[in-house]
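In what follows, a single structure is set out as structure tokens and then discussed.
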Amino acid sequence: MDRLEVVLPVLNASLILISGVCLLVGFYFIRVRRHIKHHKRSMIAATLFAALFLIVYVTRTVLFGGKLFAGSGWGRIVYLGILGSHSVLAVLVGPMALVTLYRAFNRDFGRHRRIARLTLPTWLYVAVTGWIVYWMLYHMA
Ligand code: HEM
């Protein structure tokens with residue numbers, strides 16, 4: 001198998017996971033420490049890692065296409081359920097993140113907080129299920 005075909009999925013899953021960790025760090029800084037500068041930096045880092053993920057994901061799909069889940073029965077049903085919710089929310093979280101950032105940069109912090117409380121858990125769900133999908137696809141079956 002092409003080395004790149006093995007490396008890119010690991011890189012992909014790592015980028016989305018790092019993005020999720022940056023989100024948690026950013027949440028800690030605003031919620032516990034009320035430290036806006038560190039919150040801002042962590043959230044920008046989360047956005048950059050998510051953007052990198054998107055670039056690697058598109059590159060991988062163009063170069064190698066999609067990979068089908070090899071399992072069957074309940075494993076397959078669980079996999080498809082996770083993949084479905086992951087994909088739908090991954091599409092939604094992009095515009096949600098842009099609005100969240102837009103409001104923050106416009107110093108519209110009240111409305112920023114309102115949408116951010118939806119964006120954050122949605123983004124985390126996408127990050128965690130992204131890792132689960134990767135694991136089920138490449139290490140389970
Ligand atoms: C997409 C990236 C971002 C996400 C997901 C995010 C997430 C959050 C969340 C969940 C809260 C509410 C915390 C709570 O429950 O009290 C919050 C508050 C806040 N965020 Fe962000 N944030 C992001 C980007 C930014 C940026 C870039 C800035 C600075 C320019 C910023 C400044 C603030 C401030 C000042 C608050 C406090 C608002 C208040 O309590 O009225 N955020 N953010």
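Within the stretch 106-116, can one find any residue that is farther than 18 Å from L17 by Cβ, over 15 Å from the mean Cα position of the chain (by Cα), more than 14 Å from the ligand (Cβ to nearest atom) and not in a helix (DSSP H, G or I)? No, the stretch 106-116 has no match at all.
Results for (1) in a helix (DSSP H, G or I); (2) buried (at least 17 other Cβ atoms within 10 Å of the Cβ); (3) over 13 Å from the mean Cα position of the chain (by Cα), shown as yes or no for each residue.
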site	(1), (2), (3)
E5	yes, no, yes
I16	yes, yes, no
G20	yes, yes, no
Y28	yes, no, yes
R33	no, no, yes
I44	yes, no, yes
L48	yes, no, no
F53	yes, yes, no
V62	yes, no, yes
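Residue pairs whose Cβ atoms lie under 8 Å apart, sitting 6 or more positions apart in sequence or on different chains, and linking a residue in the stretch 112-141 that is closer than 12 Å to V99 by Cα and at pLDDT 95 or above to a partner that is in a helix (DSSP H, G or I) and of a type in the set (S, T, Y), are H112/T100; I115/T100; A116/T100; T119/T100. Applying a threshold of 6 Å to beta carbon distances and a minimum spacing of six or more residues, or different chains, the list of pairs starting in the stretch 78-101 at a residue that is farther than 11 Å from V126 by Cα and assigned to a helix (DSSP H, G or I) and ending at one that is within 11 Å of the ligand (Cβ to nearest atom) and hydrophobic (A, V, I, L, M, F, W, C) reads V99/I115; T100/I115; T100/A116.
Residue-level check: of (1) at pLDDT below 95; (2) part of a helix (DSSP H, G or I); (3) surrounded by 13 or more Cβ atoms within 10 Å (Cβ to Cβ); (4) not basic (K, R), G71 misses just (2). Taking the stretch 84-105 as the range and being surrounded by fewer than 12 Cβ atoms within 10 Å (Cβ to Cβ) and more than 9 Å from the ligand (Cβ to nearest atom) as the test, the residues that pass are G84, V88, V91, P95.
The values are calculated or read from the model by the stated rules, or taken from the named source; none is laboratory data. All figures in this text were calculated on a predicted structure; none of them were measured in a lab. Glycine gets a Cβ as well: all are built from the backbone with ideal geometry, and neighbour counts include every protein chain shown.
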